[in-house]
Structure formats: C-alpha cells, structure tokens
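Below is one structure, written out as structure tokens; comments come after it.
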Amino acid sequence: MRDLKSVWFIATFILVFFSNMTFAADVAKIGVIDLEKILGTSAAGKSIQAELLKQKDKMEADLKKKGAEIENIRKRLERESMVMGKEMREEKERESRIKINDFKSLQKKYRSDLQKLEAKLMNRLKTDIDEIVTEIGKKEGYLLIINKFGVMYSPNSIEVTDKVIGKLNKTFTKKKK
C-alpha cells in the first residue's frame, strides 16, 4: 500500500512538473527584427540614405572639379615645359605635387567626414529602434527580440520588423515636424 502511494505521488509530481514546462514554452515569446529591411523601407532609413547620398555626391563633385584643375595644370606644364627655364619648370612641378597632395588629403577628409556622418545618423536611428523595440517587447510580452542578421533560421511568425518600421515612421514624422 505504501509503495502504491509513493508511485502515485511520483507519477502526480512528474505529470505536474512536465505539464508546467509545456505551458512555460508557450510563454517564451521571441521576436526577430531585420535591420537591413528597416534601413531600406522605413522613412527614417530612407532619409538617412538620401542624406548620405546627397553629401557623397556633393563631395564627389568637389573632388572631380579639383581633379580637373590638377589635370589642366599637368597638361599646361607638359606643353610649356620646353619653353620654360629650369627653375620655372621645377617651381611648376612643385606646385603640381602640392596640388596632388592637397587633393589626396581632401579625399581622405571627405571619406572620414562621410563615415562620421553615417555613424552619427545610424546611431540616432539605432537609438530610436532600441526605444521602439523595448516598447514592443514590454507591451506585447516578448521574452527576447533579436536581430535577424545573427540568426540562421526564424519563422516569419515571430518577426516584428514591420511593427518596428510602422512605429519608427510615426516617430520620424513627429520628430520631423
């Protein structure tokens, strides 16, 4: 009799223990966001891309102009080098080297400026995304929301990217006004 009670107690304990684990699995809600999709489709992401493209085009136009000036100086130096004296030719060649070095320095500066601008804009976007993801996570009871980039597989049912994009667009519109 005592053995029967022990078996009954153990069986009940196992049943209760494992049934609670199955319920706990349903509670663990995990979400996935796709940052590339957010950057490509949200208003904030498109704005960042447009701003970066605008700055890049402006810088490239300036560099192209300076490159044309250097090319003109080089061609003029080639044409006039036979007529010039040795000192004058050396002076013009030195000026040409200085212009080329200035061009390379400006090119590096523009590249650095563009990278800094991109980092600044992306950090601002990341801050907005973090706030929205935290809000969605708390409001909808997610245990975890992760970036899709590091995930090998995820079903579409747990992806919350579109919710993030919707809220980001609303936030961006409010901030823009």
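The values are calculated or read from the model by the stated rules, or taken from the named source; none is laboratory data. Since the structure is predicted, the reported quantities are computational estimates derived from the model, not experimental observations. Here the Cβ is made from the backbone with ideal geometry for all residues, glycine too, and neighbour counts use every protein chain on show.
For region 153-174, indicate whether the set of residues that are assigned to a loop (DSSP other than H, G, I, E, B), out of contact with any Gly (no Cβ under 6 Å at 6 or more places or on another chain) and either more than 13 Å from LYS29 (Cβ to Cβ) or touching a residue at least 24 places away in the same chain (Cβ under 8 Å) (or both) is non-empty.
yes
Residues that are surrounded by fewer than 16 Cβ atoms within 10 Å (Cβ to Cβ), in a helix (DSSP H, G or I) and of a type in the set (A, V, I, L, M, F, W, C): does region 125-140 have at least one?
No: zero hits.
Please verify whether GLU95 is part of a helix (DSSP H, G or I) and at pLDDT below 90, treating the condition exactly as stated.
Yes: the conditions hold for GLU95.
How many of the residues making up region 44-60 are exposed (fewer than 15 other Cβ atoms within 10 Å of the Cβ), touching a residue at least 12 places away in the same chain (Cβ under 8 Å) and over 16 Å from LYS116 (Cα atoms)?
1
Only one of LEU117, LEU106, LEU77, LEU63 is part of a helix (DSSP H, G or I), touching a residue at least 60 places away in the same chain (Cβ under 8 Å) and touching a helix residue (DSSP H, G or I) at 6+ places or on another chain (Cβ under 9 Å); which?
Just a single option satisfies the conditions, and that option is LEU117.
In region 42-71, how many are farther than 30 Å from GLU95 by Cβ and either of a type in the set (Gly, Ala, Ser) or touching a His at 6+ places or on another chain (Cβ under 9 Å) (or both)?
So the answer is 6.
Which of (1) over 30 Å from ALA119 (Cβ atoms); (2) loosely packed, with under 15 Cβ neighbours inside 10 Å does ARG89 not meet, given it meets every other one?
(2)
Is at least one residue of region 105-121 over 21 Å from the mean Cα position of the chain (by Cα), among the aliphatic types (A, V, I, L, M) and at pLDDT below 90?
No, every residue in region 105-121 fails to be over 21 Å from the mean Cα position of the chain (by Cα), among the aliphatic types (A, V, I, L, M) and at pLDDT below 90.
Got at least one residue in region 68-89 being closer than 30 Å to LEU121 by Cα and either touching a Gly at 6+ places or on another chain (Cβ under 6 Å) or modelled with pLDDT of 85 or more (or both)?
Among the residues of region 68-89, not one is closer than 30 Å to LEU121 by Cα and either touching a Gly at 6+ places or on another chain (Cβ under 6 Å) or modelled with pLDDT of 85 or more (or both), which makes the answer no.
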